[in-house]
Amino acid sequence: MSEPQLGLVQELSSDVKHRQRMTAEFRKFIDGLKEGKFLATECKSCGKKFMPPRFTCPCGGKDLKWFEVNPEGTLYTWSIVHFAPEGIAKKTNVPYAVGVIEFEDNLLLTGHLKGLTSKPKVGMKVKIEPQELDSGDLAYFIKPA
Amino acid sequence: MSSDPLWITGLGCSSDTMRVTDRPNLTNLGGSVRAAEMAYKSSGRSAKDINVAYVHDCFSIAEIMAYEDLGFCERGQGGKWTEERGPYIDGPGVPVNVDGGLKSKGHPLGATGIGQVVDAYKQVFGTAEKQRQVPDAEVALCHNVGQHGQFVNVFILEP
């Protein structure tokens, strides 16, 4: 296939902003992103880890502690999107690439792929990087490491 | 009550994680597998007893995964099964979505599940349009998924 023009989400639509109600706990994750850190949580009862962070555990545990995730990992899977969903992004260059990055402890995170110089490959080294959009919203992208 | 009822002989319900990336794998719906197991167990039927099936084809890949999750073909063989016409009305396996499925109707939420049961009734009582009537259909299966696999229901229906 021909090399796709790899675009990125330009801005989030305003109704997505309205739907974002941030708890004080989750704000700590966003503040971490602003400092270039990826914070996650671990259940003190069973040891299960959550990235992005969760504050209750399926085991019933309600006491979770914060820890920092190494932003580098490998590409778990990827796909090319040819039809951008309406209402999520006002201006999106299609086609664009999405993927799932796998961090240590088998933590998985979905995101847009950016900065690819060739076709994505499962297992390639990638890293997650936060970025502030023109709209002021925070996003993160998966880039080759 | 109707003089020709269609009975629910099997029922299965299962849920799964909200975040897709919290699941053990991304190539099937654990909810479908568990709901199907429950439905088969409660009805005493198995995949090979099903004469006509309606699966939740919100997207093309969802239908292919459903063939595998419901036991209509081997795990990992859904694509090949489709190419071999397995799920076609005149194919070697269980005819799937002979009414065109969710996608052919634009997947109106809620209504799609009811649509499946309505068509299952037609098939079992032989009143479907000639070209898409499955001959001698007796045992029907309806598979319905909420969101992207968070909730799955499987019904087995017989006259």
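Coordinate-derived values only; no laboratory data. All of these numbers come straight from a predicted model, not from anything done at the bench. Heads up, the Cβs are rebuilt from the backbone with ideal geometry, glycines too, and the neighbour counts pull from every protein chain shown.
A compact table of results
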{"read-out": "Odd one out for B:T21, checked against (1) in a helix (DSSP H, G or I); (2) under 25 Å from B:A111 (Cα atoms); (3) within 14 Å of chain A (Cβ to nearest Cβ)", "value": "(2)"}
{"read-out": "Test result for B:G79, in contact with a strand residue (DSSP E or B) (Cβ under 6 Å, 6 or more places away or on another chain), closer than 21 Å to B:G30 by Cα and not in a loop (DSSP other than H, G, I, E, B)", "value": "no"}
{"read-out": "Test for A:T56: is it within 13 Å of chain B (Cβ to nearest Cβ), surrounded by fewer than 19 Cβ atoms within 10 Å (Cβ to Cβ) and in a loop (DSSP other than H, G, I, E, B)", "value": "yes"}
{"read-out": "Qualifying positions in segment B:59-81 - on the phi < 0 side of the Ramachandran plot and surrounded by fewer than 19 Cβ atoms within 10 Å (Cβ to Cβ)", "value": "B:F59, B:S60, B:I61, B:E74, B:R75, B:Q77, B:G79, B:K80"}
{"read-out": "Residue within segment B:123-137 that is under 30 Å from B:R19 (Cβ atoms) and not charged (D, E, K, R) present", "value": "no"}
{"read-out": "Unmet criterion (only one of (1) closer than 19 Å to B:L6 by Cβ; (2) more than 15 Å from the chain's Cα centre (by Cα)) for B:H143", "value": "(2)"}
{"read-out": "Of all residues in segment A:107-144 being exposed (fewer than 14 other Cβ atoms within 10 Å of the Cβ) and closer than 21 Å to B:T21 by Cα, the one that is farthest from the other protein chains (Cβ to nearest Cβ)", "value": "A:K125"}
{"read-out": "Test: residue in segment B:51-64 that is assigned to a helix (DSSP H, G or I) and within 14 Å of chain A (Cβ to nearest Cβ)", "value": "yes"}
{"read-out": "Residue match in segment A:96-106 (condition: touching a residue at least 60 places away in the same chain (Cβ under 8 Å) and polar (S, T, N, Q))", "value": "no"}
{"read-out": "Filtered residue count, segment B:31-58, keeping only those that are closer than 19 Å to A:P58 by Cα and over 15 Å from the mean Cα position of the chain (by Cα)", "value": "0"}
{"read-out": "Breaking point among (1) within 14 Å of chain B (Cβ to nearest Cβ); (2) closer than 22 Å to B:M18 by Cα; (3) out of contact with any strand residue (DSSP E or B) (no Cβ under 9 Å at 6 or more places or on another chain), for A:P85", "value": "(3)"}
{"read-out": "Some residue of segment B:101-109 being out of contact with any strand residue (DSSP E or B) (no Cβ under 7 Å at 6 or more places or on another chain) and under 23 Å from B:R45 (Cβ atoms)", "value": "yes"}
{"read-out": "Residue within segment A:66-75 that is within 12 Å of chain B (Cβ to nearest Cβ), of a type in the set (G, A, S), outside any loop (DSSP other than H, G, I, E, B) and surrounded by 12 or more Cβ atoms within 10 Å (Cβ to Cβ) present", "value": "no"}
{"read-out": "Counted residues, segment B:1-52 - those being small (G, A, S) and touching a Ser or Thr at 6+ places or on another chain (Cβ under 6 Å)", "value": "4"}
